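S.K.: Sharing a structure, written as structure tokens. Questions coming.
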Amino acid sequence: MRGTTVGLVIGSVLACALTSCSEPKPSVASVTASVPDRAGQIAPSEPLVVMAHEGTLTSVAVTTDGGTAVPGSLSDGGRRWRTTVPLDFGKTYHVRAQAEDVDRKPSVPLNSSFRTAIPVDTVTVERTRPTDGDTVGIAMPVSIYFSKPVTDRAAVERRLSVEPSVPTEGSFHWMSDEQINWRPKDFWQSGTSIRVRARLYGVDTGGGVMGTADHESIFLVGRDQRAVGNVEDHTFTVFQDGQQIRQFPASYGRSVYPTQSGTHVAFEKHITTRMRSDTWGGPQKGQPGYYDEVLPNAVRISNNGEFVHVNAATVGQQGVANVSHGCVNLSPANGKWYFDFVQIGDPVEIVGSDRPLTTADGDIPDWTIPYPDYVKGSALYQPR
């Protein structure tokens, strides 16, 4: 009886030597998702990504509580899958996925779920300037306006991009909680195309207020044309592509209301516009110097009442004396020529005045800020 037992053991050992009785090795492949299992209050700003490690994905299924399938696409040789539509707010998602290694051994299945956040409130890009399809002058910055104040500026700025077709150094600068600008270090190069993107959907802009839509626009930089207004010489000189093409006699602000020096930007054109001195802090009604009149061919260059415009009443002083309340006065013929010529976004440099333009004076004050200070207005600024 003992001999029989020994024979069986020896036979069994011999069989293992011939066929290998070791346990099958487990698959080296594994699967992970970009959102942890059972996570809650997930901001849906990024796609869900499912990844295979040491192998390739063989199946991925992402569904909502109601069983609706979420579409996605494979990439990286089958090692990466990502959703191709944005995740919704306030929904539970279930993720099931599996991979296999090079020996076609299946991984442990991934079975997880998570829930996206419900916004406390919502915010969108209300508008951008320039708008989509615009052609603008070389001094026009990009402005992005939000429908509600942004408190987490860094989170939002990380989702913004300004993409010029010509490599251009520049920076974002927060003008307020509801407006961020971007300007190049120097003026744009003529012919540059710029794409502006705000990938705001699902981003927590602070306190649970989330973006509900992305925004994109493209604009073009037109001709390189600029004007220089010399307060002391009473001239207004226009340049195109670096060459002087016109010089007009002009009248600027009288000593008590001087036209301010610095880089202005043309940002509105009015065939006619009503001008009142009490709207910009000038003489009030009943005070000496008060005016209320409608004037033609007016190009606004700041928000403190400064225009380049036609004023037939000062033609005798144009080229000789400064008699306006801060505007640049041109004759009817010269003013009409400039009105037709100027692009929104063209720079107007005023020189010879001892009162500088400041950030408080303009709708576009970007060029009054030295560039090293401008970059510090970015929420992502890091000192070098």
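S.K.: Tell me the residue from 117, 61 that is of a type in the set (A, V, I, L, M, F, W, C) and under 30 Å from residue 153 (Cα atoms), please.
M.R.: Result of the check over 117, 61: 117.
S.K.: Please work out which one of (1) without any contact (Cβ under 8 Å) to a residue 60 or more places away in the chain; (2) in contact with a strand residue (DSSP E or B) (Cβ under 7 Å, 6 or more places away or on another chain) is the condition residue 206 fails and give its number.
M.R.: Only one criterion is unmet by residue 206, namely (2).
S.K.: For the stretch 290-332, give me each residue that is under 14 Å from residue 258 (Cα atoms), in a loop (DSSP other than H, G, I, E, B) and either outside the structural domain of residue 265 (by the TED database) or among the small types (Gly, Ala, Ser) (or both).
M.R.: 302, 305, 321, 326 - these are the residues of the stretch 290-332 that are under 14 Å from residue 258 (Cα atoms), in a loop (DSSP other than H, G, I, E, B) and either outside the structural domain of residue 265 (by the TED database) or among the small types (Gly, Ala, Ser) (or both).
S.K.: A follow-up question, please. Select from the stretch 125-163 the residues that are surrounded by fewer than 17 Cβ atoms within 10 Å (Cβ to Cβ) and part of a strand (DSSP E or B) and list them in ascending order.
M.R.: Once the filter is applied, which keeps residues that are surrounded by fewer than 17 Cβ atoms within 10 Å (Cβ to Cβ) and part of a strand (DSSP E or B), the stretch 125-163 yields 126, 127, 135, 145, 161, 163.
S.K.: Restricting attention to strands (runs of 3 or more DSSP E) lying wholly within the stretch 201-244, give those where 2 or more residues are of a type in the set (Gly, Ala, Ser), over 30 Å from residue 88 (Cβ atoms) and open to solvent by less than 10 Å² (accessible area, probe 1.4 Å).
M.R.: 225-230
S.K.: Next question. From the list 330, 380, which residue is touching a Phe, Trp or Tyr at 6+ places or on another chain (Cβ under 8 Å), farther than 21 Å from residue 250 by Cβ and not basic (Lys, Arg)?
M.R.: Unique residue meeting the criteria: 380.
S.K.: Residue 77 versus (1) on the phi < 0 side of the Ramachandran plot; (2) of a type in the set (Gly, Ala, Ser); (3) assigned to a helix (DSSP H, G or I): which is the lone unmet condition?
M.R.: So residue 77 meets the others, but not (1).
S.K.: Still on this structure: So residue 351 clears everything in (1) at pLDDT 95 or above; (2) more than 36 Å from the chain's Cα centre (by Cα) except one condition, right? Which one?
M.R.: Here residue 351 clears every test but (2).
S.K.: Here is a check on your reading of the model: is residue 2 at pLDDT below 85 and loosely packed, with under 10 Cβ neighbours inside 10 Å?
M.R.: yes
S.K.: Let me ask something else. Between a first residue in the stretch 347-363 that is touching a residue at least 12 places away in the same chain (Cβ under 8 Å) and a second residue that is open to solvent by 70 Å² or more (accessible area, probe 1.4 Å), which pairs have beta carbons less than 6 Å apart while being 6 or more apart in sequence or on different chains?
M.R.: 347/226; 352/232; 362/303; 363/303
S.K.: Let me ask something else about it. What number of residues within the stretch 83-124 satisfy the criterion of being in contact with a Leu (Cβ under 8 Å, 6 or more places away or on another chain) and either surrounded by fewer than 18 Cβ atoms within 10 Å (Cβ to Cβ) or assigned to a loop (DSSP other than H, G, I, E, B) (or both)?
M.R.: Residues meeting the conditions: 3.
Table: residues versus (1) at pLDDT 95 or above; (2) open to solvent by less than 60 Å² (accessible area, probe 1.4 Å); (3) outside any loop (DSSP other than H, G, I, E, B).
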site	(1), (2), (3)
190	yes, yes, no
194	yes, yes, yes
255	no, no, no
283	no, yes, no
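The values are calculated or read from the model by the stated rules, or taken from the named source; none is laboratory data. From a predicted model like this one, the values you see are computed outputs, not experimental measurements. When we count neighbours, we look across all protein chains shown, and the Cβ atoms used for this are built from the backbone with ideal geometry, even at glycine. Heads up: the accessible areas ignore ligands, DNA and RNA and are worked out on the full protein's heavy atoms, side chains in. Shrake-Rupley method; radii C 1.70, N 1.55, O 1.52, S 1.80 Å.
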